[in-house]
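**Student:** First the structure, then my questions, so here it is.
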Amino acid sequence: MKSNSANILVVDDDPGNIALIGEVLHDQFQVKVANNGPRALELATISPQPDLILLDVMMPQMDGYQVLEQLRASPDTHDIPVIFVTALDTDDNELSGFRLGAVDYITKPVMPQLLLARVNTHLELKAARDSLRNQNDWLEAEVHRRMQENDLIQLVSIRALAHLAETRDQETGNHILRTQAYVNSLARALCEHPDYAELLDDHSIEIITRSAPLHDIGKVGIPDHILQKPGPLTDSEWKVMQTHAELGAKAIELAELDIDQPVEFLTVAKEIARWHHERWDGSGYPDGLAGNDIPISARLMAIADVFDALITERVYKPAMSPENARIIILKSRGSHFDPMLVDTFDSVFDDFKNIALRYRDPPETG
């Protein structure tokens, strides 16, 4: 009955040495033997893999140094500890072994008690390393799981807030899904332009896309008689409606005050909520920003929002065809919209049409 379940691989071309070492170890360990390098490499990969290898240096075909090099080169055997057991006892020999990654060096003739002590020491060290590695793997997996969970909670929270605004404005339908997809398509294409590559890497595109559904969150603060009016707004009503941009940005800003550190998606969501009605020529609202002073996130949202508004039916207007909406946006190049964004929109126009079709509003029933 073995007192230890560890597996030891003994590699030596001398049957006498194998017999001696095997006799020392067999009462406590599971022992496998190989009398040459190629066989040792084979046994090192067979399950159960050795927990420790006792490796002779001077062997035909492959010496111990060559065997160790191949063990360390393979991911499957890289972490198996190797003790050289050899008659070579110079400092240079020991240094060569340690440089290649051996964990210890025992000279022949082998002293049984010393061999057992070294073997047990390195098995304990391996067990500790394995335990630490397993713990680190678990911690990494747990961190990943929690990050995914937090990410999902964030996405659901954003969508819930966007739907809250939607419940106040019965005509928006799948507007938030379509505009989010438009923004992503436009940003993905625009990032290939050298003037926008630094603004739109994969991470920033993800944040902008994630934040896009909150662009109209401020509509929650617009009175029902204006927000749900079944027809065009008067000038005074329109001025009230325009306040939704500031209301949305202020609501997000209040949320930021409740936390100890900046949250990137809230910063971008605030930009989009406040400035997606600004115009390239400075005639938009609420702040009259112009050109590149308008954050890229808001410029992207502006095209997405207007395109969707044009192709969506309202009680006071019919839906426009995507082709006619495209014409209007192209004519607004350099006035309402960033010229480069308009050119990019034109290049991905088919994507916009496909998105509009994929997330079209369900037909009214009753």
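**Student:** Starting from region 265-366, pick out the chymotrypsin sites (Phe, Trp or Tyr not before Pro) whose DSSP state is loop and whose Cβ has at most 14 other Cβ atoms within 10 Å.
**Tutor:** Y316
**Student:** What residues have an amide H closer than 5 Å to that of V33, excluding those fewer than 5 places away on the same chain, when H is modeled at 1.01 Å from N in the peptide plane?
**Tutor:** Close amide H contacts, sequence-distant or interchain: V10.
**Student:** Let a ≥ b ≥ c be the square roots of the eigenvalues of the Cα gyration tensor of region 63-123; is it rounded (a/c under 1.5), or, if not, prolate (a/b larger than b/c) or oblate?
**Tutor:** Since a/c reaches 1.5 but b/c is at least a/b, the shape of region 63-123 is classed as oblate.
**Student:** Given charges of +1 on the Cβ of Lys and Arg and -1 on the Cβ of Asp and Glu, with all other atoms neutral, how large is the dipole of region 272-342 about its Cα centre, in debye to the nearest 20?
**Tutor:** It works out to roughly 160 debye.
**Student:** Given axes a ≥ b ≥ c from the Cα gyration tensor, I'd like to know whether region 1-85 is rounded (a/c under 1.5), prolate (a/b larger than b/c) or oblate.
**Tutor:** oblate
**Student:** A further question follows. What relative contact order, as a whole-number percentage, does region 7-139 give when Cα pairs under 8 Å and 6 or more residues apart are counted?
**Tutor:** With pairs under 8 Å counted, the relative contact order is 21 percent.
**Student:** Straight-line reach from K219: which lysines have Cα under 24 Å away, leaving out those fewer than 8 places along the same chain?
**Tutor:** Candidates past the 8-residue exclusion: K229, K239, K250, K270, K317.
**Student:** Please give the contour-minus-distance gain from E42 to E323: 0.36 nm per residue of separation, less the Cα-Cα distance, rounded to one decimal in nm.
**Tutor:** Residue separation times 0.36 nm, minus the Cα-Cα distance, leaves 94.5 nm.
**Student:** Pick out, from A269, A189, T234, the residue whose Cα sits farthest towards the positive end of the charge dipole of the chain, with +1 on the Cβ of Lys and Arg and -1 on the Cβ of Asp and Glu.
**Tutor:** Among A269, A189, T234, the one farthest towards the positive end of the dipole of the chain is T234.
**Student:** Suppose every Lys and Arg Cβ carries +1 and every Asp and Glu Cβ carries -1, with no other charges. What dipole size does the chain come out with about its Cα centre, to the nearest 20 debye?
**Tutor:** 1100
**Student:** Using a 10 Å cut-off around each Cβ, can you sort L132, L233, L71 from fewest to most neighbouring Cβ atoms?
**Tutor:** Fewest-to-most Cβ neighbours within 10 Å comes out as L132, L233, L71.
**Student:** Could I ask something else about it? Can you tell me the equivalent ellipsoid semi-axes for region 169-358? Use √(5λ) from the Cα gyration tensor, largest first, whole Å.
**Tutor:** Listed largest to smallest, the semi-axes of region 169-358 are 23, 22, 15 Å.
**Student:** Out of residues 5 or more away from H215 or on other chains, whose amide H comes under 5 Å of its own, with H placed 1.01 Å from N in the peptide plane?
**Tutor:** none
**Student:** If I take every Cα pair under 8 Å that is 6 or more residues apart in the chain, average their sequence separation and divide by the length, what percent do I get for the relative contact order?
**Tutor:** The normalised contact order for the chain reaches 11 percent.
**Student:** I've got another one for you. What list of ³J(HN,Hα) values in whole Hz, one per residue of region 47-53 in order, does the Karplus curve 6.51 cos²θ - 1.76 cosθ + 1.60 (θ = phi - 60°) give from phi, with Gly and Pro shown as x?
**Tutor:** So the J values, rounded to whole Hz, are 6, x, 5, x, 7, 7, 10.
**Student:** Ok, one more. Given a Förster distance of 25 angstrom, what is the FRET efficiency for H203 paired with R358, based on the Cβ-Cβ distance and rounded to 0.05?
**Tutor:** 0.50
**Student:** Next up: If you average the sequence gap of Cα pairs under 8 Å that are 6 or more apart and divide by the length of region 169-358, what percent do you get for the contact order?
**Tutor:** 23
**Student:** Right, something else. What does the charge count around A302 come to, taking other residues whose C-beta lies under 13 Å from its C-beta (Lys +1, Arg +1, Asp -1, Glu -1)?
**Tutor:** -3
**Student:** Shifting gears a bit: Kirkwood Rh, Cα Rg: Rg to Rh for the chain?
**Tutor:** 1.33
**Student:** Looking at the square roots a ≥ b ≥ c of the eigenvalues of the Cα gyration tensor of region 7-139, which shape do they give, rounded for a/c under 1.5, prolate if a/b is larger than b/c, or oblate?
**Tutor:** Cα axes put region 7-139 in the rounded bin.
**Student:** Using alpha carbons only, how many angstrom separate the centre of region 297-365 from the centre of region 207-248?
**Tutor:** Using only Cα atoms to place each centre, the spacing works out to 18 Å.
Bear in mind that the values in this text are calculations on the coordinates, not laboratory data. Since the structure is predicted, the reported quantities are computational estimates derived from the model, not experimental observations. Glycine gets a Cβ as well: all are built from the backbone with ideal geometry, and neighbour counts include every protein chain shown.
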